[in-house]
Structures are given as structure tokens and as C-alpha cells.
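The values are calculated or read from the model by the stated rules, or taken from the named source; none is laboratory data. Model, not experiment: these values are computed from the prediction. Using ideal geometry, Cβ is built from the backbone for each residue, glycine included, and neighbour counts are taken over all protein chains shown. These accessible areas exclude ligands, DNA and RNA; they are computed on the full protein's heavy atoms, side chains included. Shrake-Rupley method; radii C 1.70, N 1.55, O 1.52, S 1.80 Å.
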Amino acid sequence: MLNRRTLLTRVAALSVLSGGAAHAATASFDAFLQGVASEARGAGVSQATLQRAFANIRPNEKVLELDRRQPEFTLTWEQYRDGRITAQRVERGRQAYAENATLLDAIATRFRVSPRIVVAVWGLETNYGGFTGNYNTIEALATLAWDGRRSAFFRAELMAALSILERGDVAPERMRGSYAGAMGHPQFMPTSFERLAVDFDGDGRRDIWDNRADALGSIANYLGRSGWDETERWGREVLVPAGFDAALAGRSTRKPLREWLRLGVTAADGTALPPLDMPTSILLPGGAGGQAFAVYQNFNVIRRYNPSDYYALVVGMLSDRVA
């Protein structure tokens, strides 16, 4: 007969394999960590790393609360835009751009990604490193993986985080970030860190928490690997003609820019738009009668960082202002 501890461990393992129903209801947190540790050792994580990583961690109720909390309302485009493109953020972005100009130029030379877009992502993610999160990443990911709502996703992120610790890129005590496991200045999830973080200064560690060169270089590498084209803009604000068919708006409708010009679309700042064959979509984030934007392929690259039209528009607008 199985003893209770063995049974609970097996239930936890079965729950993971089946997509996870609710670990918190079927297995103790300690039993869950034992299963993770066994898997991690099989992947090459040492016992010493596991002991440091799991020291004094426990289910974090605040993490569960934030993960389960449903927003009371959906922000309008105007609320989202005005809450993020503030005079203070723009001014701080200009300062950050100037203070890091030499580094940003070196990053642009290597990755072919504009400094202004790197700074804008940095500014929107963590207010230029001003707040990168204060949750213990291992504890947060373990809590979410154990809880079971999205266990497979967070277990994979937890395993990646343990591998990062094993390689020595960061100490467990410094591996901190958002409640959902996003880390450092760029707010990378651990699997994104594994694929896309870079050791830009060549010191042997990929440190996105305290090393600005690595952090900004990693943002540029993410965008570059996602298809950024330095010869094109992200998009621009435009004006649509009276009676514009709002059904034509949206990322799913792409026409050559010259075709939109023929339909009466003009630049909001009064400049002449070039009659190019560049695939272009028209977005009306606030609905008909509000702001309109012509967006190009680089807009979709920004969405690879965060799959939100609002996010990508704000990054683009902020990039235009900080530089």
C-alpha cells in the first residue's frame, strides 16, 4: 500500500501530465516541490542550486490573488494611452536616451534595432528600470505551477528559471520580478530569457536585473529576432476621410500604403505620405471618430513583445517622443 506522502506526490505528477486540475487541492506544496526537484535534477540542475532556490519559499497568497483577479473594467484607448504617455515618462525617456546614447548606438549596430524603440519598451515595461518587481521569481512561479489553473505553462517557466540559476546568470536572492514571473528591466519570462537574453558586455553572465548593457541589449535582441526592419517605421498617426468604412480597420486588413492614400487617408501632422507598396493596416483603437493610425510590419514585431494593439501603439508613440 502507498503511504500518504508517496500517493500525494504521484497525484501531483499525474495532475501535471493531464494539464493540471488543481494541485493546491490534491497535493501539499512540499510534495509538489519534491516532484519539481526530481525533474530539475534530471535536467542537470544541482542539488545545491535547488536548495538555495527553494529555501524558505511557500505558496504566496498575493500571487494567487493577483493571478485570479478579474479587472473591474476594460480601459478605453484614451485611458490606456494617457495613463502611460505622460509628460514625466516622456521626459525621463529623453534623459535615459541621452544618458545611454553610446551604449544604445552600440546595441543598434549589433542588432539593427532603433535605440528609440528599445528605450520605449524599457520605459513602458519598467519605467526605465525604476520598478522591475519585488516578487521572488521561484516562489511566484512555484505557487502558480502548484495552484493548477495554468500549471503546465508555469511549470515550464519554473524549470527554465531553475536552469538560469544553475548557469549562474543571477543569484536566487536577486531573481525577482512580477507576480507572474516576468523578470528584470525587460520583464522577460524565464523561457524568453533562455532564448533571447544576451551577455552584451561580455562578462560571462546575462544579467537583466542589474546590468543595463545586458538588459537593453536583450530587448533589442528580442525585437531583432522577431523581425524588426530598421529601414521602416512602426507606423504613424493618420486622418481618415469622412465616411471612412470602419469595417476596413484592423490588423487583418492589409493594403499597400498607396491604396490607403487613394481612399483618402492622410498624415495627421500634415506631411505627405509616400505612395509606397508597403503593407499597411489602419487601426481605430478608440473606435470610429477617434485617433487613427497607419501601422506597418514593425508594429506587429512590437506585438510579439506584448500581444496588445494598445501596448504596441503606446510603444510606438513613446518612441517618437523620446527621440
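Taking Rh as the Kirkwood radius, which is the inverse of the mean 1/r over Cα pairs, what is the Rg/Rh value for the chain?
Over the Cα atoms of the chain, Rg/Rh equals 1.04.
From the C-alpha gyration tensor of the range 136-188, pull out the three semi-axes of the equivalent ellipsoid (sqrt of 5λ each), sorted largest to smallest, in whole Å.
18, 12, 9
If you split all Cα-Cα distances of the range 84-202 into 5 Å bins from zero, what percentages do you get per bin, shortest first?
2, 11, 18, 20, 16, 15, 10, 6, 2, 0
Indicate the gyration tensor shape class of the range 112-266 (rounded, prolate or oblate), computed on the Cα atoms with a ≥ b ≥ c the square roots of the eigenvalues: a/c under 1.5 is rounded; otherwise a/b larger than b/c is prolate and the rest oblate.
It is prolate, given that a/c is not under 1.5 and a/b is the larger ratio.
Taking the Cα centre of the chain as the origin and placing charges on Cβ (Lys, Arg +1; Asp, Glu -1), which of TRP228, LEU124, ALA142 is farthest toward the positive end of the dipole?
Comparing the listed Cα positions along the dipole, ALA142 ranks first.
In the range 235-295, if the dipole is taken from +1 on Lys/Arg beta carbons and -1 on Asp/Glu beta carbons about the Cα centre, which of VAL295, PRO279, TRP260 is farthest to the positive end?
PRO279
In whole percent, and with a 1.4 Å probe on the protein chains, what portion of the accessible area of the chain is carbon and sulfur?
With neighbouring chains kept in place, the figure for the chain is 50 percent.
Considering only the other residues whose Cβ falls under 10 Å of the Cβ of ARG225, what net charge follows from Lys and Arg at +1 and Asp and Glu at -1?
So the surrounding residues net to +2.
I'd like the FRET efficiency for ASP82 and ARG150, computed as 1/(1 + (r/R0)^6) with the beta carbon distance as r and R0 of 22 Å, rounded to 0.05.
0.10
To the nearest 20 Debye, how big is the dipole of the chain about its Cα centre, given +1 on the beta carbon of each Lys and Arg and -1 on that of each Asp and Glu?
It works out to roughly 600 debye.
Once R0 is set to 25 Å, what does the formula 1/(1 + (r/R0)^6) return for the Cβ-Cβ distance between ARG112 and ARG195, expressed as a FRET efficiency to the nearest 0.05?
0.85
What Kirkwood hydrodynamic radius, in Å, does the range 176-323 give when the mean of 1/r is taken over all pairs of distinct Cα atoms and then inverted?
Here the Kirkwood hydrodynamic radius works out to 16.9 Å.
Return an integer: the convex hull volume of the alpha-carbon atoms of the range 235-295, in Å³ per residue.
Once divided by residue count, the hull of the range 235-295 is 73 Å³.
Just the number please: accessible area per residue for the range 235-295, 1.4 Å probe, all protein chains included, in Å².
Accessible area per residue, the range 235-295: 51 Å².
Starting from the Cα-Cα distance between ALA98 and LYS62, subtract it from 0.36 nm times their residue separation and give me the gain in nm to one decimal.
Length gained between ALA98 and LYS62: 9.2 nm.
Between ARG254 and GLU230, 0.36 nm times their residue separation minus their Cα-Cα distance comes to what?
Residue separation times 0.36 nm, minus the Cα-Cα distance, leaves 6.6 nm.
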